[in-house]
Each structure stands twice: as C-alpha cells, then as structure tokens.
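Working notes, beginning with the structure itself.
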Amino acid sequence: MRLATIFFAFLGAALAVVGLASGAWAAEPQPWQLGMQQPASVGKESLHSLHNLLLWIITITTIFVLALLVYVCVKFRADKNPNPSKTSHNTMIEVLWTVIPVVILVVIAVPSFRLLYFLDRTPNADMTIKVTGHQWYWNYGYPDHGDFAFDSYMIPENELQPGQKRLLDVDNPLVVPAGKNIRVLVVGSDVLHSWLVPALGVQLYTVPGRTNETWFNIEEPGVYYGQCNQICGVNHAYMPVAIRAVPEAEFNAWVEKAREEFASKDGGGDVKVANAAR
Ligand SMILES: [Cu+2]
C-alpha cells in the first residue's frame, strides 16, 4: 500500500511539472515563479518545444523504471518467491535494453543538434550589437549605426523610481528594433561573465580575448530582462540586462539621439571605480 501511495504521489508531481511547463509568464522573473518565462523570440519557442519533448521522455522513462521496480519488489519478494531463479542472461532483453535507449537518444539528438545550429548564428542579420561584459556592468555597441557605445548600469535600490524593478532596471537599456534579426557579438573585458536573457533564449559567455556570437529576433515590442549568470565577482548580482524592443521607426529616432548623446564616450574601457565600491 505504501508503495502505491509513493507511486501516485510521484505521478501527481510529474504531471504537475508537465502542466506548469506549458504555463505563461512575463519576460521577467515573477514571485514564486516555476518553469520558464514565456518565449519572446523564435529561438526561445524552439527551446520550449525541445524542453517539453524532453520532459515527456524523462517523465515516461522514470515512471516506466519505477513501475518495473515496484513490480519486481512485489512479485519477487522473499515470502512469495522463496526459491529464486538462477537465470543470469536473456539475449532478447539485453538487446532491447540496449536498442531502445539508443533509439531514445537519437530521438533527442536530432532536434537538439538542429536547434543548436539554428541558435548559433543567423545567415541574414539585419544589424549587429556588440556586448562587452565588465566588472560589473555591460557595455553595448552599435557598429552598424556609427559605432557608438554606452555603458548600462543597474539602478541602485535607493534611486529606484516608481515602476522600476529592483535588481533589473538599468540606466541605459539596450535598445533594438522588434521583428529584426539581430546578431549579437559578445566579449569580456576582464573576467568571464554571461549575458542571459531567458525570454529570448539567449545565454552566452563573455570571454576575454574571444568573440562569441548568437542572434535573436524579438517578436513584440516590450522590455525584456536578464542577468549575468556566470559568477564574476563581488557585484555579480548587480549587473542586470535590460532590453527595450521598439518599432523600427522609433529605433531609428533613438539612434539619432543616442549617437549624439554617446558620441563622446568610448564606453569600452572606463571601469567605474564607484560601482565596485557600491
Ligand atoms: Cu556575473
């Protein structure tokens, strides 16, 4: 009876996980959130469907193995089966438990590799953004729009305006046009950081001396948040990513303004000591 209780408790938990995985959330973390943020890019939608496929496979596999264990424990327990069989080989079963896992792994590998190459780079980028990770802020460069760049710092808690999000909002968000293929080149200036935007399905390490590439296409205008997710030092928790996706016309107007505003700043190497002391 206890085994049956455990089995159904497990089944309930597994179904709850499957149900939650398909829920909808905004492009920022929510209190008590479970599961992933709602996808906002093609890449993230593909990541979700791969995740859901894997969740089904692992759930069914785990329930199957648990059911076998329960069956063996009940059927072959000592008082029901006092003289155990001496069987040590069974060719059919051995072939099956080799071939079936191989087939399952191939079923997982095909969409995994397809997605890996899809996310790796876009063959037709509309524009390029350069992201540089610093201790402890981001620098965003626009090589296709006059090569201006600016730093993006988290707004400290005591300077937050109403409506701004603690640990997520920044002084200068990355601004990009919605509906465009945006190539992202990522590099580190000091240590390893990681540029993560969950709703876009983008996570890339910033490595000093090496440029990594990815891309995204944000379907709807809006604000999308992320964080550094590679431990990079004492202020690692205070270098969020904020992306403002706007319609193309608004983006072009912003570029005109930003080119003037950020023209005098090289933005690339001016490590702000004040930030380190925060
Ligand atoms: Cu970090």
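The values are calculated or read from the model by the stated rules, or taken from the named source; none is laboratory data. It should be emphasised that the depicted structure is a prediction, and the values quoted were computed from it without experimental measurement. All Cβ positions, glycine included, derive from the backbone under ideal geometry; neighbour counts span all protein chains shown. The accessibility values were calculated without ligands, DNA or RNA, using every heavy atom of the protein model including side chains. Shrake-Rupley method; radii C 1.70, N 1.55, O 1.52, S 1.80 Å.
Descending by average beta-carbon neighbour count within 10 Å, the peptides 156-164, 186-194, 121-129, 57-65 line up as 186-194, 121-129, 57-65, 156-164, the highest first. Computed from the Cβ-Cβ distance with R0 of 51 Å, the FRET efficiency linking residue 128 to residue 79 stands at 0.10. Largest GNM mean-square fluctuation across 71, 137, 224, computed for the chain with C-alpha springs under 10 Å, falls on 71.
Gain on full extension, evaluated as 0.36 nm per residue between residue 171 and residue 158 minus their Cα-Cα distance, stands at 3.3 nm. Charged side chains reduced to their Cβ positions (Lys and Arg at +1, Asp and Glu at -1) give the chain a dipole of some 1520 debye around its Cα centre.
Each DSSP beta bridge with both residues in the chain is either parallel or antiparallel, and the antiparallel ones are about 70%.
Per-residue extension of 0.36 nm, minus the Cα-Cα distance of residue 113 and residue 34, leaves a gain of 25.8 nm for this segment. I need the shape label for the chain. Rule: rounded when a/c is under 1.5, else prolate if a/b > b/c, else oblate, with a, b, c from the alpha carbon gyration tensor. The shape class here is prolate. Beta bridges assigned by DSSP with both partners in the stretch 127-269 are antiparallel in approximately 70 percent of cases. Since only 174, 33, 218 are under comparison, the one whose Cα sits farthest along the positive direction of the charge dipole of the chain, derived from C-beta charges on Lys, Arg, Asp and Glu, is 33.
Under the convention that each Lys and Arg Cβ holds +1 and each Asp and Glu Cβ holds -1, the size of the dipole of the stretch 127-269 around its Cα centre is about 320 debye. Each of residue 121 and residue 90 was given a label point 7 Å from its Cα along the Cα-to-Cβ line. The distance between the two points is 5.2 nm.
Solvent-accessible surface of the stretch 65-154, averaged per residue with a 1.4 angstrom probe and all protein chains in place: 67 square angstrom.
Look at where the Cα atoms of the stretch 35-61 and of the stretch 131-178 average out, and the two centres are 29 Å apart. Considering only 115, 201, 141, the residue lying farthest towards the positive end of the dipole of the stretch 114-212 is 115, judged by Cα position with unit charges set on Cβ.
Shown here: the stretch 127-269, whose C-alpha atoms stretch 39, 39, 33 Å along the first, second and third principal axes, sorted largest to smallest.
For the peptides 103-110, 234-241, residues were scored by their other Cβ atoms within 10 Å and the scores averaged per peptide; the highest-first order is 234-241, 103-110. Relative to the current alpha-carbon distance between residue 249 and residue 55, full extension at 0.36 nm per residue lengthens the span by 65.7 nm. Pick out which of 111, 101, 84 has the largest mean-square fluctuation in a Gaussian network model of the chain, springs linking Cα atoms closer than 10 Å. Comparing 111, 101, 84 in the GNM, the peak value goes to 84. Quick check: at a probe of 1.4 Å, how many percent of the accessible area of the chain sits on carbon and sulfur atoms? Carbon with sulfur: 63 percent of the solvent-accessible area. The long axis of helix 91-120 is offset from the longest Cα principal axis of the chain by roughly 10 degrees.
Looking at the square roots a ≥ b ≥ c of the eigenvalues of the Cα gyration tensor of the stretch 68-116, which shape do they give, rounded for a/c under 1.5, prolate if a/b is larger than b/c, or oblate? It comes out oblate by the Cα gyration axes.
Dividing the summed helix terms, -39500 (n - 2.57) for each DSSP H run of n ≥ 4, by the number of residues in the chain produces a 222 nm estimate of -12500 deg cm²/dmol to the nearest 500.
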